[in-house]
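Enquirer: Once you've had a glance at the structure underneath, I'll fire off some questions.
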Amino acid sequence: QVQLVESGGGLVQAGGSLRLSCAASGSGFSTYAMAWYRQAPGKQRELVAAITSGGSTNYQDSVKGRFTISRDNAKNTVDLQMNSLKPEDTAVYYCNARRARRFISGEVNYWGQGTQVTVSS
């Protein structure tokens with residue numbers, strides 16, 4: 001029901017900035033909690049930043065003060081502004097949409113295809 005497409009990844013030098021965007025298609029975007037995850041080779045996928053339907057945000061400690069997540073419900077988009085990038089930020093970044101199931105317990109999750117971010121030394 002929801003399709004997610006990430007964009008904005010690329011190659012940057014350490015200390016540089018990138019802005020990732022996730023465009024969602026489908027209904028009910030404003031009811032979903034949105035998040036950015038990342039996965040580096042050989043590592044588990046990890047939560048980078050999340051924003052609830054009400055606008056509350058949460059960040060992984062390693063990106064606090066450097067990354068900012070935001071959403072625009074009118075445009076059905078969620079962005080991740082990444083500043084002061086470090087080589088350890090190198091990963092594939094995935095957009096995620098999540099909500100509780102309407103009639104039973106559990107969650108509905110949607111994932112984008114991912115966008116590569118590479119930070120050189």
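The values are calculated or read from the model by the stated rules, or taken from the named source; none is laboratory data. Predicted, not measured: the structure shown is a model, and the values here were computed from it. As a convention, Cβ positions derive from the backbone with ideal geometry for all residues, glycine included, and neighbour counts pool all protein chains shown. The area values use the complete protein model at the heavy-atom level, side chains included, leaving out ligands, DNA and RNA. Shrake-Rupley method; radii C 1.70, N 1.55, O 1.52, S 1.80 Å.
Enquirer: If you check residue 47 against the conditions, is it of a type outside the set (Asp, Glu), in contact (Cβ under 8 Å) with a residue 12 or more places away in the chain and either part of a loop (DSSP other than H, G, I, E, B) or on the phi > 0 side of the Ramachandran plot (or both)? Even if it seems obvious, please write down each step before you answer.
Expert: Values: of a type outside the set (Asp, Glu): yes; in contact (Cβ under 8 Å) with a residue 12 or more places away in the chain: yes; either part of a loop (DSSP other than H, G, I, E, B) or on the phi > 0 side of the Ramachandran plot (or both): no.
Here the answer is no, as residue 47 does not meet what is asked.
Enquirer: To continue, here is another question. Which condition number in (1) assigned to a loop (DSSP other than H, G, I, E, B); (2) free of Cβ contacts under 8 Å to residues at least 60 places away in the same chain is the one that residue 70 fails?
Expert: So residue 70 meets the others, but not (1).
Enquirer: Out of the residues in segment 1-27 that are open to solvent by 30 Å² or more (accessible area, probe 1.4 Å) and outside any strand (DSSP E or B), state the one that is farthest from residue 116 (Cα to Cα). Spell out the reasoning first.
Expert: The first filter runs over segment 1-27 and keeps only residues open to solvent by 30 Å² or more (accessible area, probe 1.4 Å), leaving 1, 3, 5, 7-9, 11, 13-15, 17, 19, 21, 23, 25-27.
Of the ones still in play, those that are also outside any strand (DSSP E or B) are 1, 8-9, 14-15, 17, 26-27.
Details: 1: 25, 8: 9, 9: 5, 14: 15, 15: 17, 17: 14, 26: 24, 27: 27 Å.
Ranking the qualifying residues of segment 1-27, first place goes to 27.
Enquirer: Which one is nearest to residue 32 (Cα to Cα) among residues in segment 87-112 that are outside any strand (DSSP E or B), touching a strand residue (DSSP E or B) at 6+ places or on another chain (Cβ under 7 Å) and open to solvent by 30 Å² or more (accessible area, probe 1.4 Å)? Even if it seems obvious, please write down each step before you answer.
Expert: Of all residues in segment 87-112, those outside any strand (DSSP E or B) come to 87-90, 101-106, 112.
Next, only the ones that are touching a strand residue (DSSP E or B) at 6+ places or on another chain (Cβ under 7 Å) stay: 87, 89-90, 101, 112.
If we keep only those that are open to solvent by 30 Å² or more (accessible area, probe 1.4 Å) too, we end up with 87, 90, 101.
Numbers: 87: 31, 90: 27, 101: 11 Å.
Per the criteria, the residue is 101.
Enquirer: Within the group 53, 84, which residue is hydroxyl-bearing (Ser, Thr, Tyr), more than 20 Å from residue 110 (Cβ to Cβ), out of contact with any Phe, Trp or Tyr (no Cβ under 6 Å at 6 or more places or on another chain) and not in a helix (DSSP H, G or I)?
Expert: Numbers: 53 fails: more than 20 Å from residue 110 (Cβ to Cβ).
The conditions single out 84.
Enquirer: So, in segment 36-68, exactly how many residues are open to solvent by 40 Å² or more (accessible area, probe 1.4 Å), under 16 Å from residue 91 (Cα atoms) and within 11 Å of the chain's Cα centre (by Cα)?
Expert: The qualifying residues number 3.
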